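The values are calculated or read from the model by the stated rules, or taken from the named source; none is laboratory data. If you're wondering where the values come from, they're calculated on a predicted model, not measured in any experiment. Here the Cβ is made from the backbone with ideal geometry for all residues, glycine too, and neighbour counts use every protein chain on show.
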Amino acid sequence: MEKKFELTSDTIDTEFGRLYRIKALIDFGDVKAGGLGGYVEKEENLSHDGDAWVSGDALVTGDAWVSGHALVTGHALVTGHALVCDHALVTGHVLVTGHALVCDEEEAKR
């Protein structure tokens, strides 16, 4: 499996710990190689498969996972054991936490 992103040295410290900005290593979906994304706690928060991406000032922490073709953007926070997958869009000032599941073509925004 080819890695599609890496963690950069650009970090922020939050109540959830230190988060790392991600950078695309390859072109996929609407993302171009070298493009910067949002912040994740660890590489396991975002799948290397599919077009899933975290962008803007969005944060993904804990055991949360973004996969498929999902997009987490804006000032969204995905944490806990939440899963954002398929073609889901999480945007704005949205909190997805606990064991929440946002999948298929669902949209969570505010």
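Numerical summary
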read-out: Among residues of the range 1-17, those that are in contact with a strand residue (DSSP E or B) (Cβ under 6 Å, 6 or more places away or on another chain), within 17 Å of GLY56 (Cα to Cα) and not acidic (Asp, Glu), counted; value: 5
read-out: Failed condition for TYR39, given (1) under 9 Å from the mean Cα position of the chain (by Cα); (2) in contact (Cβ under 8 Å) with a residue 40 or more places away in the chain; (3) over 16 Å from GLU2 (Cα atoms); value: (2)
read-out: Among residues of the range 83-97, those that are touching a strand residue (DSSP E or B) at 6+ places or on another chain (Cβ under 7 Å) and buried (at least 18 other Cβ atoms within 10 Å of the Cβ), counted; value: 8
read-out: Residues located in the range 57-82, provided they are of a type outside the set (A, V, I, L, M), in a loop (DSSP other than H, G, I, E, B), touching a strand residue (DSSP E or B) at 6+ places or on another chain (Cβ under 7 Å) and crowded, with 18+ Cβ neighbours inside 10 Å; value: THR61, THR73, GLY74
read-out: Number of the exception - GLU44 against (1) among the acidic types (Asp, Glu); (2) touching a strand residue (DSSP E or B) at 6+ places or on another chain (Cβ under 6 Å); (3) within 19 Å of THR14 (Cβ to Cβ); value: (2)
read-out: Count of residues meeting criterion [at negative phi, assigned to a strand (DSSP E or B) and not acidic (Asp, Glu)] in the range 12-32; value: 11
read-out: Residue that is nearest to VAL102 (Cα to Cα) [pool: residues in the range 42-56 that are under 8 Å from the mean Cα position of the chain (by Cα) and part of a loop (DSSP other than H, G, I, E, B)]; value: ALA52
read-out: Identity of the residue in the range 1-44, closer than 22 Å to HIS81 by Cβ and acidic (Asp, Glu), that ends up surrounded by the fewest Cβ atoms within 10 Å (Cβ to Cβ); value: GLU15
read-out: Any hit, the range 64-75, residues being among the β-branched types (Val, Ile, Thr) and without any contact (Cβ under 8 Å) to a residue 24 or more places away in the chain; value: yes
read-out: Which numbered condition GLU105 fails, given (1) within 13 Å of the chain's Cα centre (by Cα); (2) acidic (Asp, Glu); (3) at pLDDT below 95; value: (1)
